[in-house]
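Written out below as structure tokens is the structure these notes cover.
The values are calculated or read from the model by the stated rules, or taken from the named source; none is laboratory data. Fair warning: this is a prediction, and the values are worked out from it, not measured in the lab. Virtual Cβ from ideal backbone geometry, glycine too; neighbours counted across all protein chains shown.
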Amino acid sequence: MLNEHKELKAQKIVPHRDFYNVRKVDTHVHASSCMNQKHLLRFIKSKIKNHPDDVVIIRGGERLTLAGLFEKLDLRAYDLTVDLLDVHADRNTFHRFDKFNSKYNPIGESRLREVFLKVDNDMGGCYYADLIKEVMAEMVESKYQMAELRISVYGRSLEEWDKLANWAVTHQVFCKNVRWVIQVPRL
């Protein structure tokens, strides 16, 4: 932002380039918010429609399917809207990781965050990986879009790094258009 005018001037002198075919890099993007609300909504609806019998939560021996979770929440795929999801970052979340974490609970429901936006869950983070791979595929398709995705390690257990590495390798969340940054929040 400090060099916006210089960058704009430099871009304009390069022949055959404009905003749409110059490389852009989004930095400091939390992986759990790398998709837009509409993408997340489509993804959730798709999983409900195509994978209702996936066991998404196991608590005390009880196995809860995706359809069962939405039934407990008294929701159907048809009921979901971008407004209901309410997962958009705003000015209040900037530099406030605590507020960011509370904001990124789809429908204000921590169980949905656990199922769709977490690496370490009862499904091994497969939905999260699928979602990130969709975002990565869009970046590759757009050709000129790159990102620096961040994911947090909290330091709560010695296995945290291994779980994160295992998730990344198992689900192959690699892309030439993305660089991963591991962050340790002050929390």
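For segment 138-187, the tally of residues that are small (Gly, Ala, Ser), closer than 22 Å to Lys38 by Cα and either in contact with a Gly (Cβ under 9 Å, 6 or more places away or on another chain) or free of Cβ contacts under 8 Å to residues at least 40 places away in the same chain (or both) stands at 1. In this entry, Ile151 passes the filter for residues that are at pLDDT 90 or above, closer than 30 Å to Pro52 by Cβ and β-branched (Val, Ile, Thr).
Condition (residue is at pLDDT below 95, within 21 Å of Pro185 (Cβ to Cβ) and part of a loop (DSSP other than H, G, I, E, B)) applied to segment 75-87: is it met by at least one residue? There is at least one residue in segment 75-87 that is at pLDDT below 95, within 21 Å of Pro185 (Cβ to Cβ) and part of a loop (DSSP other than H, G, I, E, B). Scan segment 39-75 for residues that are touching a strand residue (DSSP E or B) at 6+ places or on another chain (Cβ under 9 Å) and among the hydroxyl-bearing types (Ser, Thr, Tyr) and jot them down. Listed by number, the list holds a single entry, Thr65.
Condition (residue is modelled with pLDDT under 85, surrounded by fewer than 13 Cβ atoms within 10 Å (Cβ to Cβ) and assigned to a strand (DSSP E or B)) applied to segment 28-49: is it met by at least one residue? Scanning segment 28-49, I find at least one residue that is modelled with pLDDT under 85, surrounded by fewer than 13 Cβ atoms within 10 Å (Cβ to Cβ) and assigned to a strand (DSSP E or B), so the answer is yes.
Suppose we keep only residues that are part of a helix (DSSP H, G or I) and over 15 Å from the mean Cα position of the chain (by Cα) within segment 120-142. Which one would you say is modelled with the lowest pLDDT? Top of the filtered list is Ser142.
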